[in-house]
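Structure, as structure tokens:
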């Protein structure tokens, strides 16, 4: 399946798979953290509620302590302390009602709020009763008690002065019962017991008896006036005591039936709310802990699975990408550094970019193989043609040397003939003898001219053959140059492939960098792809250098062949000149032969014929001189042709060595 996918899709699949695993882990982590967060929020909310309830309990205790302190003291100094505690209690109740949303606990908090309000109202009633009681004590008991004691003391002192022992005694006993009544009144304020009230009433009754007796004993108007004020004061005092008793009894009733009953009920409800919160906290705590442990286990397992699967996918995809690339690198290395085996091919096992690279690489190797085969064949033909060209140049050089030798001989003969003709002009009497010598010389010259004609024809034929061979070699070398150009074009295709591979490696490197730690495997693949691109560029550059050397050698061969063609053309021109000179010499020789024949018939024309023969012999000498020069030039050109043939042979050998570096 991976073989039919492109590298981009493979990388995308790999990164997508990693993203899916990452999303799975993230979702699991998010779910676990959300559950833990919910649990912690619940736990924290319960803890806040517990704190509020604890503060509520503490403040309720402070309220009750303030009430106890208020009830235990006669004055109202602790009322502000209670007010402060109750105000804090009311504030905490408001916060608790807002914070606690559980229906059961909210119902208990509402009951606590209602009870606290009732508790406060009852306490306010107690405060009012205590205020009224204190007012009675302050305005009545504390006024009438001292007033009666003062009046009785004055009566007792006055009776003692008047030696009225009975009156003084009764006044003293009345003071005693008054003081006891006041004492038990204050004791009642402390103990709140009915016995103290009964004792107060008994003492007041005993005091009343003493007052009745004292009323019978007193006769002094002053003392009787004092006694008259005690009766109403005593009645008011008794009434005030009853009012205070009723007030205290009502207060005790409120404290016993309301405050002491509602206070524990409030504490019980608050404790119930606290216990409920504690139970829920005890349930949520282990549950949150268990959820966290499960989340850690799940995340750990998912992370381990993701790590294993990520490593597996990275290895699988990296092998799927790097394997063919390594094989391509090894083959390129073998071609660049080894024996240059062009018969090997990469196996195309996938349809991705690496498969495309192997496919086009095989096609490139096939084209290179075909070109190298053609170059090898062309180099062999070039070697054969260079050998033939060297042989032809050797033959041409030999013919030119022979023609030069013969032209030298003919030139010597012509000079000798010129001397003879001059002698014949000087001595006409020896004309007959000299004519025979001339006839022999002409015959020999004719033979030499015929030999020169044959040599010229051979040189012309050799020049034509050399021209054909040079043209054929030039055509083959041009074909070799075109093949080298085609190889250069293929090299450009390889360079484009290498650049695309390098771009692909760069993209893979960027994607790997974006992937971070998960993309290290792909960074290795990208590095191998870049190494492949670098080695491909190196091998391509090496092949380009070799092809460039082939092209340079081909161009040098073309230049050499052009020079050979020029030499051959010059040789053909010289041969044409030689042929024209030989033809002209043949005509001249025939003319001389005819003149020699006619000289025997007409002696009168001997001088004229000798003059013409002398002129003709001068021309022959010049022609033969030109022929010698042409032969020398022909020899030089043949030597140059031989050197060019040898250079071409060396070039063909070097070309065969270059081609031989590849195994075909």
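The values are calculated or read from the model by the stated rules, or taken from the named source; none is laboratory data. A quick note: this is a predicted structure, and the numbers were derived from the prediction, not measured. For neighbour counting, all protein chains shown are included, and Cβ atoms are generated from backbone atoms with ideal geometry for every residue, glycine included.
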*asked:* Suppose we filter the stretch 148-171 for residues that are surrounded by fewer than 17 Cβ atoms within 10 Å (Cβ to Cβ) and in contact (Cβ under 8 Å) with a residue 40 or more places away in the chain; how many remain?
replied: 3
*asked:* residue 316 - would you say it is in a helix (DSSP H, G or I), closer than 30 Å to residue 30 by Cβ, modelled with pLDDT of 75 or more and in the same structural domain as residue 24 (by TED's automatic domain parsing)?
replied: no
*Can you pull out the residues in the stretch 76-105 that are under 25 Å from residue 129 (Cα atoms), touching a helix residue (DSSP H, G or I) at 6+ places or on another chain (Cβ under 7 Å) and assigned to a loop (DSSP other than H, G, I, E, B)?*
76, 78
*Mind telling me which of the residues 204, 214 ends up being modelled with pLDDT of 90 or more and either buried (at least 17 other Cβ atoms within 10 Å of the Cβ) or outside the structural domain of residue 146 (by TED's automatic domain parsing) (or both)?*
204
*Could you tell me whether any residue of the stretch 109-127 is modelled with pLDDT of 85 or more and not in a helix (DSSP H, G or I)?*
no
*part of a helix (DSSP H, G or I), surrounded by 13 or more Cβ atoms within 10 Å (Cβ to Cβ) and free of Cβ contacts under 8 Å to residues at least 12 places away in the same chain - does that describe any residue in the stretch 269-281?*
no
